[in-house]
Amino acid sequence: MSDYENCNTSVQTGVVVRIAQDPGNGQSTPLLGNGPRTEASPGASFASSVFNLMNAIMGSGILGLAYAMASTGILGFCILLLLVASLASYSIHLLLKLCDQTAVTSYEDLGFRAYQRPGKILVASAILIQNIGAMSTYMFIIRFELPAAVASFLPGDHSWASGSWYLDGRILLLVAAVCIVLPLALLPKIGFLGYTSSLSFLFMVYFAVVIVVKKWSVPCPLPQNASLTLGHAQYPNSSDCIPKLFVISSKSAYAVPTMAFSFLCHTAVLPIYSELHRPTKRRMQNVANTGIALSFLIYLLSALFGYLTFYGRVDSELLLGYDLYLPHDVLVMTVRLAILLAVLLTVPLIHFPARKAVTMMLLSGRPFSWLFHSLITLTLIGIVLLLAIFVPDLRNVFGVVGSTTSTCLLFVFPGLFYLRISTENFRSPQKLCALALLVFGVCVGLLSLCVIVVTWVETP
């Protein structure tokens, strides 16, 4: 008999709390959050949950979407982005439906229900690897980009080689980790991060607004030689300023993985669901749909106007183009700092599912302990900092692993678990759609691996 065979429902302080009988210790373990809700802790609000989900969705990946549009064309990009957003929403729908059927509200326990302990270990390991990789990559970005952002606001010519501590990426990274990331990561509930997530959302909105405004600050055609003054440069053919609706090339293969990973939030969905005020499947689905829709809008605006600014010469990291053609522009400098702060505030949110995965593997069934909570948090943050500081190139390590784990968490596991757990007929519409999601995930994963391998081969 599984750990979640017999479930009953109890009502405490007006909030429904599902209880599962744990045959291992004979105690009842609440599946919603770290413990039973009280009047002092009613759960996270709808708006706070939406902000947390959007913070989990949006990160530095927003900088690469304009390049994806240049590689697929405007209409091609819109179709692919809408498809990926819809599939991300549908995979969340499958996860929530399984939670509703099984009275389980963690990704790891869904793996247990599907394939017993090996399934639980597989999901927890995928979450841990994916989130450590994401946190390390974000910290790596902070280490290299924050000194340049700080130097841009200082008078005179400053660089990291000047020897000043405030321009040393390693010192700035440690200061940011100790002063911002660690205190937020130590919070016991993910709902507490709603305030910082709303701030991160505002940074992303500011980024999109600046990209729209700066469309008219960069001339088109772009100057051939960026070192020349914009007003006196020689321009290439004006046909370069014609937007393309559809583009098919070898670079188009990069677009789908970029979009797919831009909507990866599934490791945070169920922790957010477990702490949602009045948690129901419909209410959490509304949270997911709202978060994905707002993220889709910000993605589309920033990608469209970024592409219409640089057209075929858009860089794989959008802000590099502004550094080239609008050096020392105040708005561009502030938006770079805003993106770095948004990325920094995303790290604690990504850390929460990673810590939960470790807890589920090592301390499953034990009551909450501040000692173990703090030790796991410090260990994970320490590992992430060591990787960000001492590993020279994280792309080779986490490129392959990230492409596989991300695809599994986003598409493969939801479809696979639904096919395994649901009692519906295999030919039912839901199971056929779950099978299609599974096949799509496998294809995206293989495509991502091929893209990474080709990139390695082409890189001298």
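The values are calculated or read from the model by the stated rules, or taken from the named source; none is laboratory data. Remember, it's a predicted structure, so these values are computed and weren't measured experimentally. FYI the Cβ positions are ideal-geometry reconstructions off the backbone, even for glycines, and counts take in every protein chain you see. All accessible areas refer to the heavy atoms of the entire protein, side chains included, with ligands and DNA or RNA removed. Shrake-Rupley method; radii C 1.70, N 1.55, O 1.52, S 1.80 Å.
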Keeping to region 250-272, report how many residues are crowded, with 23+ Cβ neighbours inside 10 Å, among the polar types (S, T, N, Q) and over 21 Å from VAL104 (Cβ atoms). 1
Would a scan of region 296-319 turn up a residue that is at positive phi, of a type in the set (Ser, Thr, Tyr) and assigned to a helix (DSSP H, G or I)? yes
Can you tell me which residue in region 313-330 is most open to solvent (accessible area, probe 1.4 Å), limited to those that are in contact with a Lys or Arg (Cβ under 9 Å, 6 or more places away or on another chain) and acidic (Asp, Glu)? ASP323
Being in a loop (DSSP other than H, G, I, E, B) and modelled with pLDDT of 80 or more is the filter here; which residues of region 401-460 pass it? SER422, THR423, GLU424, ASN425, PHE426, ARG427, SER428
Is it true that ALA88 is among the aliphatic types (A, V, I, L, M), over 19 Å from ALA354 (Cα atoms), surrounded by fewer than 24 Cβ atoms within 10 Å (Cβ to Cβ) and modelled with pLDDT of 90 or more? no
If we keep only residues of region 31-77 that are open to solvent by 40 Å² or more (accessible area, probe 1.4 Å) and modelled with pLDDT of 80 or more, then the residue nearest to PRO348 (Cα to Cα) is PHE51
Residues that are open to solvent by less than 20 Å² (accessible area, probe 1.4 Å) and closer than 23 Å to LEU184 by Cβ: does region 293-303 have at least one? yes
Of the residues that make up region 165-181, is at least one at pLDDT 90 or above, within 28 Å of GLU275 (Cβ to Cβ), open to solvent by less than 10 Å² (accessible area, probe 1.4 Å) and of a type outside the set (Gly, Ala, Ser)? yes
When region 110-147 is examined, which residues are found to be of a type outside the set (A, V, I, L, M) and within 30 Å of ILE389 (Cβ to Cβ)? SER125, GLN130, ASN131, GLY133, SER136, THR137, TYR138, PHE140, ARG143, PHE144, GLU145, PRO147
Let me confirm something: among LEU96, LEU128, which residue is within 14 Å of ALA268 (Cα to Cα), under 22 Å from the mean Cα position of the chain (by Cα) and open to solvent by 10 Å² or more (accessible area, probe 1.4 Å)? LEU128
Can you find a residue in region 273-280 that is without any contact (Cβ under 8 Å) to a residue 24 or more places away in the chain, more than 23 Å from the chain's Cα centre (by Cα), open to solvent by 30 Å² or more (accessible area, probe 1.4 Å) and within 17 Å of LEU95 (Cβ to Cβ)? yes
If you check VAL439 against the conditions, is it without any contact (Cβ under 8 Å) to a residue 40 or more places away in the chain and open to solvent by 30 Å² or more (accessible area, probe 1.4 Å)? yes
